[in-house]
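For reference, the structure is listed below as structure tokens.
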Amino acid sequence: MSEAPSNLANFAPRVFSGIQPSGGLTLGNYLGAIKRFVDMQGADYETIYCMVDMHAITVWQDPGALRRNTRELCAGFIAAGIDPEQSILVNQSQVPEHAQLGWIFNCVARMGWMKRMTQFKDKAGKNAEQASLGLFAYPALMAADILVYHATHVPVGEDQKQHLELTRDIAAKFNHDYDVDFFPLTEPVIEGAATRVMSLRDGSKKMSKSDPSDMSRINMTDDADTIAAKIRKARTDPEALPSEAEGLSERPEARNLVNIYAALSDQTVAEVLAEHGGQQFSAFKPALSELAVEKLAPISTEMARLMEEPGEIDAILARGAERARERAEPVLKKTYEIIGMVR
Ligand code: TYM
């Protein structure tokens, strides 16, 4: 794949990111994505956060559940601190320009690039022949989500890194083929202690909403007792916590709990270990539970409150779609012109 130099100096900074409404939100989504979206809301640049419902249907979604999950995700964004006035909150299917640019990028991306995408291999598993064509083409639509706004920075968790490299490759190939400097070579923003939150049952697996075991994850809708029980039962090893980060390198479960603590408390791993190093898990786990409940309970309470007014959520998404289309339409129009479509 190409290694084009950055052209970001030519573009106004703009942040975009998306989350699939394909199930409940997990602590991984919160720490790896939403919490950082909140931190990135800034006065000097725009932030656009998207419920990517068209990505969700690349695998089967029950229509009623999709509707509910989309609204619940919007409630989660707001409850966590995204201000719908300051940021644009939008669901993907209300902005048809995503799909329109997605088609164009299907014609830019190469089969060989797509075949290397590890998320497709993970999701399609052994049954790739039965996977939808949409699941295979998904990363080209993801590139369109970002580039239809000329977004320059995309905060995500570690698992999206390969998709963002593909986004740069698509932008670079389009710019090269049409001899323009039209699409920015987007910068992934993968930062903080929790870019990869792991399963509470298996420190080698990512925490995921699709894991069959509910004990493997903390859901943003879990109540205090459930959160405490899941942390109490989280897999660990028999050693005490080390006082330096290097001491965690061969201890994935211990490292995961320390990373979660650091991200929730806005501390570095070194600061957490300076305070808790030498402690047994019998002491650290209750401290982590208390912190998690303190940070997460107000969010889930607010989400539940917002979900009682679905009409208000829909109005926020409709307004978000209007604002999003004002930005996406001219980019798509110009793209068609560059390509040579008669308008
Ligand atoms: P999705 O819906 O799987 O996840 C949403 C965000 O949460 C992050 N995340 C995690 N971070 C840390 N630890 C974890 N265990 C964890 N699990 C999930 C993900 O990295 C992601 O940032 N393809 C994307 C959605 C998407 C998108 C986009 C993202 C569509 N278009 C454009 C950015 C820009 C996805 O499936 O994310």
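Per-structure values
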read-out: Restricting the stretch 148-166 to residues that are part of a helix (DSSP H, G or I) and within 8 Å of the ligand (Cβ to nearest atom), the residue that is surrounded by the fewest Cβ atoms within 10 Å (Cβ to Cβ); value: Glu158
read-out: Residue match in the stretch 51-62 (condition: more than 14 Å from the ligand (Cβ to nearest atom) and open to solvent by 10 Å² or more (accessible area, probe 1.4 Å)); value: yes
read-out: Complete set of residues in the stretch 135-152 that are over 15 Å from Arg327 (Cβ atoms), more than 12 Å from the chain's Cα centre (by Cα) and touching a residue at least 60 places away in the same chain (Cβ under 8 Å); value: Leu135, Tyr138, Leu141
read-out: Only one of Phe136, Phe182 that is in the same structural domain as Val90 (by TED's automatic domain parsing), among the aromatic types (Phe, Trp, Tyr) and not in a helix (DSSP H, G or I); value: Phe182
read-out: Residue list for the stretch 95-130, restricted to those being in contact with a Lys or Arg (Cβ under 9 Å, 6 or more places away or on another chain), open to solvent by less than 30 Å² (accessible area, probe 1.4 Å) and within 16 Å of the ligand (Cβ to nearest atom); value: Val95, Glu97, Ala109
read-out: Out of Gly42, Gly23, sole residue that is assigned to a loop (DSSP other than H, G, I, E, B) and at positive phi; value: Gly23
read-out: Of the criteria (1) open to solvent by 30 Å² or more (accessible area, probe 1.4 Å); (2) within 17 Å of Leu332 (Cα to Cα); (3) not basic (Lys, Arg), which one Asp145 fails; value: (1)
read-out: Residue match in the stretch 203-213 (condition: more than 13 Å from the ligand (Cβ to nearest atom), surrounded by fewer than 18 Cβ atoms within 10 Å (Cβ to Cβ) and either small (Gly, Ala, Ser) or within 29 Å of Thr268 (Cα to Cα) (or both)); value: yes
read-out: Near pairs, Cβ below 8 angstrom, 6+ apart or cross-chain, from the stretch 307-327 (without any contact (Cβ under 8 Å) to a residue 24 or more places away in the chain and at negative phi) to any residue that is open to solvent by 80 Å² or more (accessible area, probe 1.4 Å) and among the small types (Gly, Ala, Ser); value: none
read-out: Unmet requirement for Ala171, which otherwise passes all of (1) within 12 Å of the ligand (Cβ to nearest atom); (2) open to solvent by less than 20 Å² (accessible area, probe 1.4 Å); value: (1)
read-out: Residue within the stretch 300-314 that is small (Gly, Ala, Ser) and either open to solvent by 60 Å² or more (accessible area, probe 1.4 Å) or closer than 21 Å to Ile227 by Cα (or both) present; value: yes
read-out: Residue that is surrounded by the most Cβ atoms within 10 Å (Cβ to Cβ), among those in the stretch 215-252 that are among the aliphatic types (A, V, I, L, M) and farther than 19 Å from Ser289 by Cβ; value: Leu248
read-out: Helices (runs of 4 or more DSSP H) within the stretch 197-311 that include 3 or more residues closer than 30 Å to Thr118 by Cβ; value: 252-265
read-out: Identity of the residue in the stretch 9-50, within 13 Å of the ligand (Cβ to nearest atom) and among the β-branched types (Val, Ile, Thr), that ends up nearest to Val95 (Cα to Cα); value: Ile48
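The values are calculated or read from the model by the stated rules, or taken from the named source; none is laboratory data. Keep in mind that this is a model prediction, so the values were computed, not measured. All Cβ positions, even for glycine, are placed from backbone atoms using ideal geometry, and neighbour counts span all protein chains on display. Remember, those area values only see protein heavy atoms, side chains included, never the ligands or the DNA or RNA. Shrake-Rupley method; radii C 1.70, N 1.55, O 1.52, S 1.80 Å.
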